[in-house]
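K.L.:
Please read through the structure below; I'll follow up with questions.
Derivation of every value follows stated rules applied to the coordinates shown; laboratory data play no part. Everything numeric in this text was worked out from a predicted model, so none of it was measured. No Cβ is skipped: glycine too gets one built from the backbone with ideal geometry, and neighbour counts run over all protein chains shown.
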């Protein structure tokens, strides 16, 4: 299921009520590099080559133009890197939803025998100049807007669903039992 279909289902079920609440999602922050960093290691059966191929199948299903999205596809090292964007929604006090800004992100998927790791970092607001969204975490900033918590929640929901689809595609194909009679 691609992200657009999921969001339509999600919007229909929740009516965006989740986004109008205070920030509910945990935004992982890497203190060493001072950046938001979503990362998870998943144990999955398969060789590095098998997992790499599954990941390529996932890319081809998930992204409309996977060749333009990916910047590295290196099977010997088991590394895939890409860049894409998330379209956020503005939700006003009357729960009116309009198109919001776009946030660019970079992802890396690294595969090894029986495990893989995804990382999503470098979240940047699309604007005339570079705007790192880590600024949205500082509620004491004089330019802080309450809409930022809504945006951060939307990003967290996007990453959660992105990871769910990736994990589903990285599962091995079920073996078909041949009927021998």
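K.L.:
Helix 3-14: angle to the longest alpha-carbon principal axis of the chain, degrees 0 to 90, nearest 10?
P.N.:
For helix 3-14, the angle is close to 60 degrees.
K.L.:
Highest GNM mean-square fluctuation, the chain, Cα pairs closer than 10 Å: which of 107, 52, 131?
P.N.:
Result for the chain, Cα springs under 10 Å: 131 fluctuates most.
K.L.:
Which of 176, 42, 71 has the fewest other C-beta atoms within 10 Å, and how do the rest follow up to the most?
P.N.:
If I rank by nearby Cβ atoms, fewest first, I get 176, 71, 42.
K.L.:
May I pose another question? Quick check of the Kirkwood formula: for the range 3-170, what is the inverse mean of 1/r over all pairs of different Cα atoms, in Å?
P.N.:
17.1 Å
K.L.:
So what is the relative contact order of the chain, in percent, for Cα pairs below 8 Å that sit 6 or more residues apart?
P.N.:
27 percent
K.L.:
Sticking with this structure for a sec: Using a 7 Å offset from the Cα along the Cα-to-Cβ direction at both residue 65 and residue 81, what is the distance between the two label points in nm, to one decimal?
P.N.:
That separation, rounded to one decimal, is 2.1 nm.
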